[in-house]
Amino acid sequence: MSNLTRILLVLAVVIALAFGLASAKHAHREQPSRLDHLPINGSGYAGRDLSLTPTEQSVFGNARVVKRLYHFGRFPFVLMAIDGSRYRHAVHDPTYCFRGMGWEVAHRSPIPMEGGEACLLTLARDGKKRRVLYWFTNGATRHSSVVRYWIQTTLRRLTFGLSGPEPLFVVIQPAGDSAPPWHRVIHHFGPVHDL
């Protein structure tokens, strides 16, 4: 190994250690989350917090999670929003979880919303169908790409938060047998715009 190679190797290790220390120091500072300000009740809707199941607790670990039953007009639905800044493995492709629960993805369709789009999944199991809406949001843009989420959150870590706020993962599922009117929820349900 040449002297230049050794110097470059030592320099790379020093840079990696410095970045690791700076990253760890930044991670220990508690950052506020948009989830902390997500309203429970408001004009035209009422909600209540739901407990996470033991399975959800094990999957989400230390991540910040809001799981809430909302009544928007006459349509009840469950909104789950996840901030993975304290536990990166909590946010992943939602189709893995649905498949793990025995659902098959029968159809995907994009639903336009302010700042981008959400994904409406049609799930099938035992002759039954269920629709679930999800998206990722950094407060300004909304999308349904897991890869784009990973890029956003990695860039945020590398820039120590200077690239923008932590993207959140949002899932809305029907709480009863009938699905809420998705377009109405996306455009008129106030808490969606606070995420």
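The values are calculated or read from the model by the stated rules, or taken from the named source; none is laboratory data. Every value quoted in this text rests on a predicted model; they were computed, and no experiment measured them. Here the Cβ is made from the backbone with ideal geometry for all residues, glycine too, and neighbour counts use every protein chain on show. We work out accessible area using only protein heavy atoms, side chains counted, and drop any ligands, DNA or RNA first. Shrake-Rupley method; radii C 1.70, N 1.55, O 1.52, S 1.80 Å.
What do you reckon, is Pro39 assigned to a loop (DSSP other than H, G, I, E, B) and in contact (Cβ under 8 Å) with a residue 40 or more places away in the chain? Yes: the conditions hold for Pro39. Quickly run through segment 124-182 and pick out the residues that are of a type in the set (Ser, Thr, Tyr) and in contact (Cβ under 8 Å) with a residue 60 or more places away in the chain. Result: Thr153, Ser178.
Residues in segment 165-182 that are at pLDDT below 85 and either in contact with a strand residue (DSSP E or B) (Cβ under 9 Å, 6 or more places away or on another chain) or open to solvent by less than 20 Å² (accessible area, probe 1.4 Å) (or both): Gly176, Ser178, Ala179, Pro180. On the stretch given as segment 31-90, residues that are over 26 Å from Gly161 (Cβ atoms), of a type in the set (Gly, Ala, Ser) and open to solvent by 30 Å² or more (accessible area, probe 1.4 Å) total 7.
Checked against (1) touching a residue at least 24 places away in the same chain (Cβ under 8 Å); (2) among the hydroxyl-bearing types (Ser, Thr, Tyr); (3) closer than 18 Å to Ile172 by Cβ, Tyr87 passes all but a single condition, namely (3).
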